[in-house]
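Taking it in order: structure first as structure tokens, then the write-up.
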Amino acid sequence: MIVCGDDGLAHRLAAELRGVYAEQVTLVVPPSERRVRRPVVGRARAASAALLDRVVNAAVNRTGPSGEPASNEQVVEAPEITESVLAEVGADRAAALALVYDDDETNIRAALTARRLNPRIRLVLRLYNRRLGQHIEELLDQTAAVASGDGQGAGLDASTTVLSDADTAAPALAATALVGTSKVVQTEGLVLRAVERQPPRPGEVADPGLCTLALLSATSNDPAGADGSEGSGEHGPHLLPDEAAVAAATGRGTVVLEQVSYSGPSLPAGRGGVPPFASLFSRRLRWSLAGLVACVLALAVGLMIVTGENPLYATYVTLLDLFGINDPAFHESTARQVLQLLSGLVGLLLLPVLLAAVLEALGTFRSASALRKPPRGLGGHVVLLGLGKIGTRVLTRLRELHIPVVCVESDPDARGMATARRLRVPVVLGDVTQEGVLEAAKIHRAHALLALTSADTTNLEASLYARSVRPDLRVVLRLYDDDFATAVYRTLRAAHPFALTRSRSVSHLAAPAFAGAMMGRQILGAIPVERRVLLFAEVDVAGHPQLEGRTVGEAFRAGAWRVLALNTSPPGRRRSEGESGEEDSTPASGLVWDLPPTYVLGAGDRVVLAATRRGLAELLGRRRRERSGA
């Protein structure tokens, strides 16, 4: 296995492959002087420096899921990924290659070179541009199919998977900031929705949903608890429990699967900067226009009563009087003269109102592409700090859920500014560490704070300041180092035990999905269960003795994997994926999720399953050993 990258995701992915899947890993990183060191503290800084600055072959004293000694890890420095570098690290004979550089162009160039060197290598690319990623995936798969000579390709052994750490982490970050919001995995049109539920009160019966995916940690009410860290032991979260474990876990919250379906059509991308008609004019101006129209109608009715003319003629004469182009009513009745004077007065009032309407409409069109300011009286919203890759994806996700958002960004040319304009989201330009910036975002009336900038110190400082303004504010921090994130979480939780605090590392959320894709699984996504991760994958039953020929009930392995649904759609058909979309609650005909426990899984079936990282490694490892033995 080869991992090429220039940030924390590469190191996290290499550790995942080495520690969970017991794979031999070659890690290719830029030279030390070209790496951008992100702020980490304490033990994490020393560990990161030792890992980044060495170029050695270190034996890793771990054992894999099968009990065999884990292979060595080799760290190689290279300024860029060229054909000679790929040949040197053994790409021509490697099983899989992950390209997780922060630059899309670098990953694409290296993927094209690697596919030419080894048509059968499994490629995993990190791309932010999802539409381009889909085309690149099809191109590289087609190249592998042509190189195989049979037009069918090499199956999973030569597959190409395009993932985005932003897409993987955004749903989890957005859901963490909202009370009662489901954890949603949405990929290629498939939607898996899970929700965190509190333990039932005495006398209540918890709704089991479709199935229970996890039991939350027993220390969830302890301010100094570990929040489900790997060292929590029996007090930590229990992934994929059986019925006996669920029944015995009194007083523990659960993560329940609520829905498996296909997504509906994508939301419209916008109107190209054209505001809706109602937003052209202010509310006060609309009321002024409505009042003048009512006056004109009243004058027309009065003229119709006084003169006995038909309504159309009376309205016409009233308009002539209104604009001062009718003859004076010298020899008319007193009532007629009074109506004419009133019409002239209304006409004088109408001219400035019409002028104001024109000016407001022009100003609205001129500022349609400008940034909006937080409206007066705004409350119950989410304050989002940072509009980079992660922040932009989270913003889109929150707007799909119709959650009001106010963004704070210091760079007017940030990646997500165009998205904020298109979605008409208020943005406060300024340094979040400066006084008054969070106040301008109405932090004192906000529901939650999402600190997603690329600097850990900025996120921490903003969170601490927001806590001083609102001690009960819901806070979610994006922190680069997971050890640092755990330490910050425990400290904030101990200081504010009655406020929800979460600290998340994007690389921690994304690495399991990348590792699973490298191992040949069609990873649909992952959801965090406190500080652990539950994967969702699409697996062909054929070749897996743990699944093939067994019933759904027999195939269930507590703590390892669980079959959720049967996918009966044609394997070659790719489900469409929009830039954003609302979930359709109606399951598609190609997905059968209410499988009875007695259903027998055949060799031709494809199933959607939930699995732990080690469970997925075991499922794959046995198949790999059988192939090598054959």
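The values are calculated or read from the model by the stated rules, or taken from the named source; none is laboratory data. Just so you know, these numbers come straight off a predicted model, no measurement behind them. FYI the Cβ positions are ideal-geometry reconstructions off the backbone, even for glycines, and counts take in every protein chain you see. Areas reflect the complete protein model, heavy atoms only, side chains present, ligands, DNA and RNA absent. Shrake-Rupley method; radii C 1.70, N 1.55, O 1.52, S 1.80 Å.
Counting only residues that are crowded, with 20+ Cβ neighbours inside 10 Å and hydroxyl-bearing (Ser, Thr, Tyr), the stretch 427-457 holds 1 of them. When Val469, Val394 are checked against the criterion of being open to solvent by less than 10 Å² (accessible area, probe 1.4 Å) and either of a type in the set (A, V, I, L, M, F, W, C) or within 23 Å of the chain's Cα centre (by Cα) (or both), a single residue qualifies: Val394. When the test is whether a residue is within 22 Å of the chain's Cα centre (by Cα), under 30 Å from Ala94 (Cβ atoms), of a type outside the set (Lys, Arg) and at pLDDT 75 or above, Ala510 passes it. Tallying residues that are under 32 Å from the mean Cα position of the chain (by Cα), farther than 12 Å from Leu616 by Cα and assigned to a strand (DSSP E or B) within the stretch 534-553 yields 1. Can you work out which of the residues in the stretch 412-426 that are in contact (Cβ under 8 Å) with a residue 12 or more places away in the chain and part of a loop (DSSP other than H, G, I, E, B) is surrounded by the most Cβ atoms within 10 Å (Cβ to Cβ)? Restricting to residues being in contact (Cβ under 8 Å) with a residue 12 or more places away in the chain and part of a loop (DSSP other than H, G, I, E, B), the top hit is Gly416. Does Ala603 satisfy the condition of being assigned to a helix (DSSP H, G or I) and at pLDDT 75 or above? So Ala603 fails the test.
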